[in-house]
Every structure is written in C-alpha cells, then in structure tokens.
Amino acid sequence: MDARLFGPALETLATHLGDILVAVRSDAGGGSGTVWGSDGLVITNHHVAPGSEATVELADGRVFPATIAARDPERDLAALRIDAAGLTAAVPAPAGSVRPGTLAFAIGNPWGRRGVITAGVVLGTGPAVLESGLELEDAVRAEVRLGPGNSGGPLTDAGGRVIGINSMIAGGMAVAVPAHVVERFLAGDVPGQAFLGIVARPAVIRGAIAAGAPATADGLLVTAIAPGSPAERAGLLPGDVVLALGGSTGVDAASRALRRMRPGAPVSLSLLRGGRLVEAVAEPAARN
C-alpha cells in the first residue's frame, strides 16, 4: 500500500479516535471512556467507575460530573451521563464483522498519558477469563498492547468503527467487551434482572445414586420455592439438587448462569430428585 495514501488515512483515524475518547476519574482511580452518544452518553468499564460518582474529561479539556445511568458488573460495563451535547460519538461495528486477522486500534490513557494509540490484530472472539478472575461470556481478544488507564477506551477497526470496549489484559492479550454486547446492555439486557424464585445452597453429591449421574458432583440444593414463581411453574421442588443450569455444571458455573439469566429467555435445568435425574425448563421472570 502506498504510504502517501495510508498516512492521511491514519491521521484521520487518529483524530476520530481522539474525539471519542474521554478520561474517567472516580474513587477507584483513573481510566478511559468512550463517547457512545452525542447527547453525553459515555461507556466505560464497571471497574473504572464502580461507585456512585465519577468525572469525565473530554478531548477539549472540559470536565463534567457524571451520573451512573446503568452498570453491569458481570460484563464489566458502566454507562455514564454528562451534561454535554453535540459530541462526536462512536460508530459500533456490526455484530459478526470482527474476525481473526482484523486490523485493530486501541486508544486510551495508559499510565496517565492522554490519547495513546496502539495497533495489532484481532486474535479471536468468544469467552475469556481475565486475570482478575472475572469471566466474560463474550469478548474480543486482540494482540494490542494496553496498560493501566486503557480500560474503558475503544478498540476499533481500521475504519474507526468500535469493535469493543477495552476491559483488561488476559494472557498478554487485550480483552474487550464487544460492541454488540454494549448495545444489548444499553437496551436493558442486563444479567441479574431475572429470577427463578428458588433459595439454594451448595451441596456435594457422592456416589452414583442415579443412572447417568456422575459418581461425585456438586450442585445447588433447593431449600425453598417462592409461590407462583417460575421455578414453581417449572415443577421444581424443595430437595431438588440442580446439577446443571443452562448447560453449566458445578456450583460456581451454575451460580454464574443464575446471575446471567434474562427475563423471558427459557433456561434448562438438570435436577437430581429422589435418586433419579429430572430435566426441566423454566422461564425466568423480570425482577421487580
């Protein structure tokens, strides 16, 4: 490619990225954010703004107090609102447009330095476990160098479309929350807003006491069912042991699956009941 043509394109990209990048400060320290709406909507990570207060500094140096409009700790997202208008907003990349080998650019404020841009390629998409232990069910992994302060900034393609919000480093790779997940979050699709109506505690089942059951398994022992709840309608009973929920097995995985349920989205359950395996399907309801 002719560098004389590519140079101006990079300059245009850098200008655009600088316009949609903001600095976010909170009690947790400093980080980055991405202007998602021209009316003052800013997206950052939950771990960047975990409290009730934050400030946002725009590219032109203006500083605004921010209110927390929504948050999703499971997907490490937070939406902030500032009293500003006419801002240059991010353009999300369409879902499915990001593939291994896609050229990627990240901009953020690492180590307190404003507007640092790094480049690399997308390595893949799918689940990722961060060094903090947080498990993202959907993520973009890219060979792009990040540093403390990059969190919340955009990961974009060569056209400047945002393919993700940079979250953290895992295995030396940048991990970002995909743009389509951000869009679902803003549409109100937030895990933890649905419930089954069960009270449960961890339990370990030893011995092959049911055909098809593992010799030793851990699950969730149901101790109570809320009257009229989705669990009651699905036929769950006190004393059932949930061995799998939505395909997730084990106490930790099943607990995470419970937190990620969405109202109206059916979830399958594998239960141990009286020495036999029982399958059920429940439709979580919206939490009041």
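List of remarks:
- The conditions of being modelled with pLDDT of 95 or more and out of contact with any Gly (no Cβ under 6 Å at 6 or more places or on another chain) are met by PRO65.
- Residue pairs meeting the criteria (Cβ under 6 Å; at least 6 apart or on separate chains; first among the hydroxyl-bearing types (Ser, Thr, Tyr), in region 49-75; second at pLDDT 95 or above and part of a strand (DSSP E or B)): THR55/ARG25; THR55/VAL63; THR55/PRO65; THR67/ARG81
- Candidate set from region 168-177 (those that are surrounded by fewer than 24 Cβ atoms within 10 Å (Cβ to Cβ) and assigned to a strand (DSSP E or B)); member that is modelled with the highest pLDDT: MET168
- Checking every residue in region 19-32 against the condition of being in a helix (DSSP H, G or I) and either out of contact with any Ser or Thr (no Cβ under 8 Å at 6 or more places or on another chain) or in contact (Cβ under 8 Å) with a residue 40 or more places away in the chain (or both) gives at least one match.
- So ASP138, is it modelled with pLDDT under 90 and among the acidic types (Asp, Glu): yes
Residues checked against (1) free of Cβ contacts under 8 Å to residues at least 12 places away in the same chain; (2) surrounded by fewer than 24 Cβ atoms within 10 Å (Cβ to Cβ); (3) among the charged types (D, E, K, R); (4) not in a loop (DSSP other than H, G, I, E, B):
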position: PRO148; (1), (2), (3), (4): no, yes, no, no
position: LEU155; (1), (2), (3), (4): no, no, no, yes
position: ASN166; (1), (2), (3), (4): no, no, no, yes
position: VAL181; (1), (2), (3), (4): no, yes, no, yes
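- The listed residues are ALA85, ALA128, ALA95, and the only one of them that is surrounded by 15 or more Cβ atoms within 10 Å (Cβ to Cβ) and of a type outside the set (S, T, N, Q) turns out to be ALA128.
- Looking at ALA9, ALA79, just one residue is part of a strand (DSSP E or B) and either aliphatic (A, V, I, L, M) or in contact with an Asp or Glu (Cβ under 6 Å, 6 or more places away or on another chain) (or both), and that residue is ALA79.
- Taking the criterion of being farther than 18 Å from VAL162 by Cβ and assigned to a loop (DSSP other than H, G, I, E, B), the residues of region 47-65 that qualify are HIS47, ALA49, PRO50, GLY51, SER52, GLU53, ASP60, GLY61, ARG62.
- Here region 91-105 is the region considered, the condition is being touching a Lys or Arg at 6+ places or on another chain (Cβ under 8 Å) and of a type in the set (A, V, I, L, M, F, W, C), and the residue that is nearest to VAL42 (Cα to Cα) is VAL91.
The values are calculated or read from the model by the stated rules, or taken from the named source; none is laboratory data. No experiment lies behind these values; they were computed from the predicted model shown. For neighbour counting, all protein chains shown are included, and Cβ atoms are generated from backbone atoms with ideal geometry for every residue, glycine included.
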